[in-house]
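Colleague: Quick one: structure below, then a few questions.
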Amino acid sequence: VQLQASGGGLVQPGESLKLSCAASGRTFSSYGMGWFRQAPGKEREFVATISWSGSTTAYVDSVKGRFTISRDNSKNTVYLRMNSLKPEDTAVYYCAARSSSIGKMTQQAYEYWGQGTLVTVSS
């Protein structure tokens with residue numbers, strides 16, 4: 001599975017962005033997917049995960065109520081809608097896939113990673 005993340009950019013606090021992660025491969029619909037981020041000088045951390053069907057999602061506490069993960073299996077794409085962005089959301093965002101229908105919060109559970117897309121929140 002190859003993953004291509006896109007949609008990052010420079011926004012002001014309070015604004016929104018929608019990240020996309022396009023996946024290759026015919027078995028995308030059977031993969032659990034996740035978004036992670038790495039801020040400057042910090043370790044990469046979990047952001048959100050979604051099951052193969054989209055019926056189960058989970059988020060890190062700091063983004064609950066502001067971020068929404070979703071997927072369109074017909075387009076082999078997973079999304080991360082980010083609202084009310086804050087400067088502390090500034091990071092490189094990575095999408096990841098695991099060959100299991102269930103999403104996980106731990107990085108070690110994911111076998112495939114995209115290249116990352118930079119999100120900068122600054123006034």
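Colleague: Can you give me the ranges of the strands (runs of 3 or more DSSP E) entirely in segment 1-65 with at least 2 residues that are among the hydroxyl-bearing types (Ser, Thr, Tyr) and under 15 Å from the mean Cα position of the chain (by Cα)?
Modeller: It comes to 57-59.
Colleague: Does segment 47-62 contain at least one residue that is in contact with a strand residue (DSSP E or B) (Cβ under 9 Å, 6 or more places away or on another chain), open to solvent by less than 50 Å² (accessible area, probe 1.4 Å), of a type in the set (Phe, Trp, Tyr) and in contact (Cβ under 8 Å) with a residue 60 or more places away in the chain?
Modeller: No - not one qualifying residue is present in segment 47-62.
Colleague: Now for a different question. What is the residue count in segment 63-104 for residues that are open to solvent by 50 Å² or more (accessible area, probe 1.4 Å), of a type in the set (D, E, K, R) and touching a residue at least 12 places away in the same chain (Cβ under 8 Å)?
Modeller: The qualifying residues number 5.
Colleague: Scan segment 82-99 and give yes if some residue there is farther than 29 Å from Ser123 by Cβ, at pLDDT below 95, of a type outside the set (Asp, Glu) and in contact with a Gly (Cβ under 6 Å, 6 or more places away or on another chain), otherwise no.
Modeller: yes
Colleague: Sticking with this structure for a sec: From Tyr93, Tyr79, which residue is closer than 22 Å to Thr27 by Cα and among the aromatic types (Phe, Trp, Tyr)?
Modeller: Criteria check complete, one pass: Tyr79.
The values are calculated or read from the model by the stated rules, or taken from the named source; none is laboratory data. None of the values given here were measured: they were computed from a predicted structure. Here Cβ is always computed from backbone atoms with ideal geometry, including for glycine, and neighbour counts include all displayed protein chains. Ligands, DNA and RNA are excluded from the accessible area calculation, which covers all protein heavy atoms including side chains. Shrake-Rupley method; radii C 1.70, N 1.55, O 1.52, S 1.80 Å.
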